[in-house]
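The values are calculated or read from the model by the stated rules, or taken from the named source; none is laboratory data. Keep in mind it's a predicted model, so treat the numbers as computed, not measured. Cβ sites come from the backbone with ideal geometry, for glycine too, and all protein chains shown count toward neighbours. Side chains included, ligands, DNA and RNA excluded: accessible areas come from the protein's heavy atoms. Shrake-Rupley method; radii C 1.70, N 1.55, O 1.52, S 1.80 Å.
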Amino acid sequence: MVTHLKNAASGVWVILVLCLTGASNSAWAGNSSRIVPGTQPLVVSPNQPMPSVAIPPEIAGHHADSPSLLFRGEFSKPEVYAGEQVMVNFMVYAQEDVLDIEVAKFPEFRGYWSENFSLRQGPIPLTAVGLTGNRFETNWKRASIGSYLLTPMVGKPNPTLEPMKIIVRRGTEPVDNNSDQIRGDSYNCAYEPLKIKPLPPLPSDLDRSHFINAVGNFTVSSETPEVPFQKDEPVSLRITLQGEGNFQEMNQLPLPTIPSVEVISSHSTISGSGQFTRKTYDTTVTVHSDQDFTLPTFPLIYFNPQLGHYVGLTVPPMAFHFVPTPPANREEEHPELFSHPPDAQWTAYRPWYQSALFWVMQIGLLVGSVVLVAAKLIPERQRKRREHPNYLRKRRWDAALTEYQSGNVEGFLRLADALALECLIAHAELPNGLTRMRALTAAQKALDAEILLHARKIFEAYEALSFSPAKQTPRDLPALEKSLEQLMQSLLTSKSSRRAA
């Protein structure tokens, strides 16, 4: 009686846990479509559970000693088998709406196969976390910096993960012109613990040679069910594995051994991604026989982490059909050729270069060729001129001067700021995509201090007008217009002198 009551109570608890799990999953499904504009959803692998939106314990409860920013690496599963794929998301938790983030050091995965799905830098908006019902439990927000698909290598003990490092800038920070260091607060990623379980031993009734270090879920097919061959001539066999798993470690297939078949070479190619990844094995063989035969079916064994045991696949048979070599062409008898006797009657001959009509045709062809070449070269030169960076900069310079003359200070400073940054990058031959401060710092070794001073004046004036709460209008607009003109003149002079050299 007591035993029955205990079993009934345990059953009730199981039902309650399942109901609560289903409710939380439905709540996540309802909230997953709520994405703040300008943000990106987390990237997850197919057939992987979505990461939890629970607040990390380090920032939950509004404790006084809670950090101002938390940088974590969150795995989609707490434990995986060796060779099983797992997604890791690098998350930033803070109470700001937007953070200016730069990746200072990429993560290193030793003992893992890795594939980068997403990576973000620059100003990144954060979305709220901890939604319960119709209200937020906390004012903490989060954003995804990057996502990687990891696969622990089979037979590689103790894989390690080197943390990612980011630089976070808050507000306007001073820049030291005599230093090349990146200014801001640095944070190293803290990983959640990931347990990697070794593969269970292969059952005794399975042949070890048929296990190809495959972990995941796969299907197999043969693209050459029938193979026509000639004796001692090479032919190709093609077998395709499709699914989701550690394709990087599945190198060769254990083909059956036949005395009359010699393997010459083999290679494989991978295409697709996710559960639609395909790996094609091409094997070149030579058949030293003229008899038809069939390459029998052979098994392939892989470990399915979702089922927790080994699964077998069967490669379909391939029928070899002998094709006789076509007979060689016999030499045909050609009739004897007879030449006619030479003509003994002479005719008047005039060389071609003495004909006036020939030279008229040559001159006409020359003039027509020149006209055709000019008709193609002139529009091309005009197109290249219109697309040249200096021409485009002059157009934007004219637009900025028009805004300046019309009294539109904000429009003039916006165009002048973009043009000054572009001139600075082009003048110092820096890579595109740099911020104003990074460009000024990197250009110190290549440019004069006067050019840097002109660019800095324009940057500071634009930031004071656009980003400061007081909307400070610059007092000396003619000086800013003169600085922009000096930047343009120095750039054009530098480019023209380089072309002359």
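Can you name the number of the only condition in (1) over 25 Å from Glu102 (Cβ atoms); (2) β-branched (Val, Ile, Thr); (3) open to solvent by 30 Å² or more (accessible area, probe 1.4 Å) that Thr435 fails?
It is condition (1) that Thr435 fails.
Suppose the filter is open to solvent by 40 Å² or more (accessible area, probe 1.4 Å), modelled with pLDDT of 80 or more and not β-branched (Val, Ile, Thr); does Pro389 pass it? Can you show your working first?
Details: open to solvent by 40 Å² or more (accessible area, probe 1.4 Å): yes; modelled with pLDDT of 80 or more: no; not β-branched (Val, Ile, Thr): yes.
The answer is no for Pro389.
Taking the residues in region 202-228 that are assigned to a strand (DSSP E or B) and of a type in the set (Gly, Ala, Ser) as candidates, determine which candidate is nearest to Gly274 (Cα to Cα). Outline the logic, then answer.
Filtering region 202-228 for residues assigned to a strand (DSSP E or B) gives 211-222, 226-228.
Going one step further and asking which of them are of a type in the set (Gly, Ala, Ser), we end up with 214, 216, 221-222.
Numbers: Ala214: 15, Gly216: 11, Ser221: 18, Ser222: 21 Å.
This residue is Gly216.
Name, by its number, the condition in (1) surrounded by fewer than 14 Cβ atoms within 10 Å (Cβ to Cβ); (2) over 19 Å from Met488 (Cβ atoms) that does not hold for Val409.
Every listed condition holds for Val409 apart from (1).
Anything in region 93-118 that is open to solvent by less than 70 Å² (accessible area, probe 1.4 Å), farther than 30 Å from Lys197 by Cβ and in a strand (DSSP E or B)? List them, or say none.
Ala94, Leu99, Asp100, Ile101, Glu102, Val103, Ala104
Taking the condition of being more than 36 Å from the chain's Cα centre (by Cα), basic (Lys, Arg) and either outside any helix (DSSP H, G or I) or within 19 Å of Ser483 (Cβ to Cβ) (or both), how many residues in region 365-414 meet it?
0
Would you please list the contacts, defined by Cβ atoms under 8 Å and residues six or more apart or on different chains, that run from a residue in region 224-246 that is free of Cβ contacts under 8 Å to residues at least 40 places away in the same chain to a residue that is buried (at least 20 other Cβ atoms within 10 Å of the Cβ)?
Gln242/Phe218; Gln242/Lys279; Gly243/Gly216; Gly243/Phe218
Residues that are within 17 Å of Glu226 (Cα to Cα), surrounded by fewer than 17 Cβ atoms within 10 Å (Cβ to Cβ) and not aliphatic (A, V, I, L, M): does region 270-277 have at least one? Give the steps one after another, and end with the answer.
So in region 270-277, the residues within 17 Å of Glu226 (Cα to Cα) come out as none.
Checked against the condition, which is being within 17 Å of Glu226 (Cα to Cα), surrounded by fewer than 17 Cβ atoms within 10 Å (Cβ to Cβ) and not aliphatic (A, V, I, L, M), region 270-277 yields no hits at all.
Of the residues Arg499, Arg475, only one is open to solvent by 80 Å² or more (accessible area, probe 1.4 Å), at pLDDT below 80 and assigned to a loop (DSSP other than H, G, I, E, B); which?
Numbers: Arg499 fails: assigned to a loop (DSSP other than H, G, I, E, B).
Among Arg499, Arg475, only Arg475 is open to solvent by 80 Å² or more (accessible area, probe 1.4 Å), at pLDDT below 80 and assigned to a loop (DSSP other than H, G, I, E, B).
Output the qualifying pairs, or none if there are none: Cβ atoms under 9 angstrom, residues six or more apart or on different chains, first residue in region 186-198 and in contact (Cβ under 8 Å) with a residue 40 or more places away in the chain, second residue part of a strand (DSSP E or B) and among the hydroxyl-bearing types (Ser, Thr, Tyr).
Ile196/Tyr81; Lys197/Tyr81; Pro198/Tyr81
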